[in-house]
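Notes for the one structure printed next.
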Amino acid sequence: MYHKQYLLRRLTGSLGKILHLAIDKMSPFQVFENYLEREGVKINERKFDKINKFVELLIEKNKTLNLTRIVSEEEVWVKHIFDSLIPTRFLKLEKDMHVMDLGTGGGIPGIPMAILYPSINFVLVDSVQKKVDAVKEFVTELKLRNVKVINARAEELGRSPVHRDQYDIVLARALAPLPILIEYCVPLIHLYGHVVAYKGPDYVEELARSTNAIIKLKAEQPRVFHYKLPNNMGERTIIRITKKQVTPDTYPRRTGVPKKNPL
């Protein structure tokens, strides 16, 4: 408990300096609330406590199963939690939407977003059964009724009538290079739905290599948004791709082909 309080105080102290707040009179939640509100994201204390619980579950499970290379609590908060939530300001999220987190790994960004938006339906997908089992445990422990977790390959989902053209948003974080990601994700969104790719600051060359995939999948030219993580932990980029026409039946190609021969 002492370690946890020390960690939160250290992290919120850094955020307090960014916000010019007197944190000695504020709880960790109040500092987080102020920081996220500055980024255009609202959170209440109940949701903060649930995210805090998720961080604990993720770090504990990661001791026996490789869910994330980020192991320090401070980095988990900044590089996973903040990096999941800050980009929501670039999205128009509404009640009863259907959102897929493709390649969820340890439940990032799907679980933090599902906690923040309990009225939105989330499907978290990973091709590794052990990771799916771990994320199902998290969802059960956190009592997230708006989350479903499935084990599948992206190409299979994109050809399935249960999932093809069914989603308002598909999130993809650390999934694949953009030309491959586009073929995986665009078939899953309905017309005028969005693919949201989380990328680092060096995205320009990757975006340039995606022109053919964008044309063949009949998507609009991407919009690009930038943001910085707190505590000088890096710059990030969101690439948002909108589906403007019906996806040709030839995409996605059969399992393994998009990765082996990108468009």
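No value in this document is a laboratory result; all are computed from the given coordinates. Computed from a prediction, not measured in an experiment: that's the story for all the values here. Glycine also receives a Cβ, built like all others from the backbone with ideal geometry; neighbour counts cover every protein chain displayed.
Would you check if there is a residue in the range 162-175 being in a helix (DSSP H, G or I) and aromatic (F, W, Y)? Looking for residues that are in a helix (DSSP H, G or I) and aromatic (F, W, Y), one finds none in the range 162-175, hence no. Residue count for the range 155-178 under the criterion of being touching a residue at least 12 places away in the same chain (Cβ under 8 Å) and farther than 24 Å from L58 by Cα: the result is 14.
Out of the residues in the range 92-126 meeting the condition of being part of a loop (DSSP other than H, G, I, E, B) and acidic (D, E), tell me which one is surrounded by the fewest Cβ atoms within 10 Å (Cβ to Cβ). Among those residues, the one meeting the criterion is D96.
Looking only at the range 245-263, which residues are free of Cβ contacts under 8 Å to residues at least 40 places away in the same chain and not in a helix (DSSP H, G or I)? Working first, answer last.
Let us first name the residues in the range 245-263 that are free of Cβ contacts under 8 Å to residues at least 40 places away in the same chain, namely 248-250, 260-261.
P248, D249, T250, N261 - these are the residues of the range 245-263 that are free of Cβ contacts under 8 Å to residues at least 40 places away in the same chain and not in a helix (DSSP H, G or I).
Of all the residues in the range 114-134, those that are closer than 17 Å to V170 by Cβ and either in contact with a His (Cβ under 9 Å, 6 or more places away or on another chain) or hydrophobic (A, V, I, L, M, F, W, C) (or both) number 7.
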